[in-house]
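Down below is the structure, laid out as structure tokens.
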Amino acid sequence: MKSPLLSLPGAVPAEGRDEGVAAHYGDLFREQRALADGTGLVDLSHHGVVTVTGSDRLAWLHLLITQHVSELAPGEATEALILTSHGHIEHALYLVDDGETVWMHVEPGTQGDLIAYLDSMKFFYRVEVTDRTEDFAVVHLPAGSIAEVPEGVTVREAPHGRDLFLPRADLETYAAENGPVAGILAYEALRVEAHRPRLGFETDHRTIPHELGWIGTAVHLQKGCYRGQETVARVQNLGKPPRRLVFLHLDGSDVILPGHGTPVRLAADGVEGRQLGFITTSARHHELGPIALALVKRNVAVDAELLAGDTAAAQETVVEP
């Protein structure tokens with residue numbers, strides 16, 4: 001779904017998973033600085049929007065997701081995962097309940113599979129799952145923003161900012177009144193800086209929550225059964241995850257950033273050495289320069305110098321080995 005904000009001056013369309021919104025509006029670092037200062041907004045209208053209504057909505061979701069939501073208070077934001085039976089991450093949900101409806105936004109294009117799964121698990125519960133993507137657009141206001149929220153708009157407030165479930169028809173007007181608008185690259189650079197994982201970037205078909213530091217923020221360890229819980233409990237109580245998320249400072253002399261999937265190796269072994277992981281997201285930060293997140297084998301030494309492709313990289317620990 002193409003955002004109307006792509007018609008703003010300087011807009012350069014994003015590609016890949018973020019197709020449909022702007023990568024930037026002509027000045028990536030200015031846009032980052034604005035967000036870091038708590039001004040402007042980010043167009044996330046390409047995200048899927050799903051609602052769950054009905055008197056059983058919280059009790060029912062509690063049985064299916066990794067987060068404790070049976071007693072979720074109205075207006076309280078949380079995030080959760082849906083796992084496979086083997087504990088691998090399948091969906092990431094960013095949700096809030098307004099007292100009558102659970103609102104959630106999800107990665108672009110994933111809402112169809114999510115709704116199909118949820119519908120298959122309804123059984124006798126009094127719930128209704130609806131795709132609201134065509135009617136509502138997600139708008140992100142950075143932490144510290146004083147932009148007004150229109151009356152009646154559902155807000156999901158997290159430490160890094162507020163997500164508004166804005167009627168799609170109001171998107172252009174709201175952006176004009178509360179800009180400047182920052183592109184998705186600015187938003188992603190700040191996400192990488194904050195070490196926040198993203199489905200489809202930091203995850204692959206075998207990622208488990210422990211590898212990305214999602215335990216505690218998206219996975220509640222003292223709740224009842226859900227699909228994949230056995231793997232979560234086993235790793236938590238008896239072992240360590242096979243991989244771990246790291247933050248990388250990349251050599252700033254390289255013009256091209258290492259893309260998603262770029263092999264990570266020990267610098268001492270050179271570019272022909274054994275692959276120990278891969279780049280998940282890379283970005284150009286307005287203060288830190290080129291940075292990245294990577295998923296590496298757990299036994300990689302925390303002080304080891306690395307190579308991302310042929311780019312030198314110094315690591316910081318995100319998930320302890």
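For the reader, a short list of remarks on this structure follows.
- Compactness of segment 205-272, expressed as Rg and Dmax over alpha-carbon positions, Å: 16.7, 50
- Peptide packing: for 202-212, 234-244, the average count of neighbouring Cβ atoms within 10 Å per residue gives the ranking 202-212, 234-244, highest mean first.
- For the pair segment 127-148 / segment 1-71, the C-alpha centres are spaced 7 Å from each other.
- The DSSP beta bridges internal to the chain are antiparallel in roughly 95% of cases.
- The chain: calculated mean residue ellipticity at 222 nm from DSSP helix runs of at least 4, using -39500 (n - 2.57): -5000 deg cm²/dmol
- Heavy-atom accessible surface of segment 181-281: percent carbon and sulfur, 1.4 Å: 56
- Against the rule of thumb 2.2 N^0.38 Å, how large the Cα Rg of segment 172-302 comes out: 1.25
- Mean-position separation - Cα centroids, segment 73-97 and segment 199-227, in angstrom: 9
- Computed E for residue 236/residue 151 - FRET, C-beta separation, R0 41 angstrom, nearest 0.05: 0.40
- FRET efficiency for the pair residue 135 and residue 288, taken as 1/(1 + (r/R0)^6) with r the Cβ-Cβ distance and R0 = 25 Å, rounds to 0.05.
- Taking a straight line from the alpha carbon of residue 297, these aspartates and glutamates sit under 17 Å away, with near neighbours fewer than eight places off in the same chain left out: 202, 204, 211, 269, 305, 316, 320.
- The alpha carbons of segment 1-90 occupy a box of 46, 28, 24 Å along the principal axes, longest dimension given first.
- Cα radius of gyration and Dmax for the chain (Å): 19.9, 60
- Dipole size of the chain about its Cα centre, with +1 on Lys/Arg Cβ and -1 on Asp/Glu Cβ: approximately 1040 debye, rounded to the nearest 20.
- Mean accessible surface per residue for the chain, computed with a 1.4 Å probe while every protein chain stays in place, in Å²: 44
- Directionally averaged projected area (segment 23-62, Cα convex hull): 4.8 nm².
- Only protein atoms count toward the accessible area here, which uses a 1.4 Å probe; on segment 131-178, the carbon and sulfur part of that area reaches 45 percent.
- Here's the list of lysines a cross-link from residue 223 could span, going by alpha-carbon distance under 27 Å and ignoring same-chain residues fewer than 8 apart: 122, 240.
The values are calculated or read from the model by the stated rules, or taken from the named source; none is laboratory data. What you are looking at is a predicted structure, and each value in this text was computed from that prediction instead of being measured. Here the Cβ is made from the backbone with ideal geometry for all residues, glycine too, and neighbour counts use every protein chain on show. Note: areas computed on protein heavy atoms with side chains; ligands, DNA, RNA excluded. Shrake-Rupley method; radii C 1.70, N 1.55, O 1.52, S 1.80 Å.
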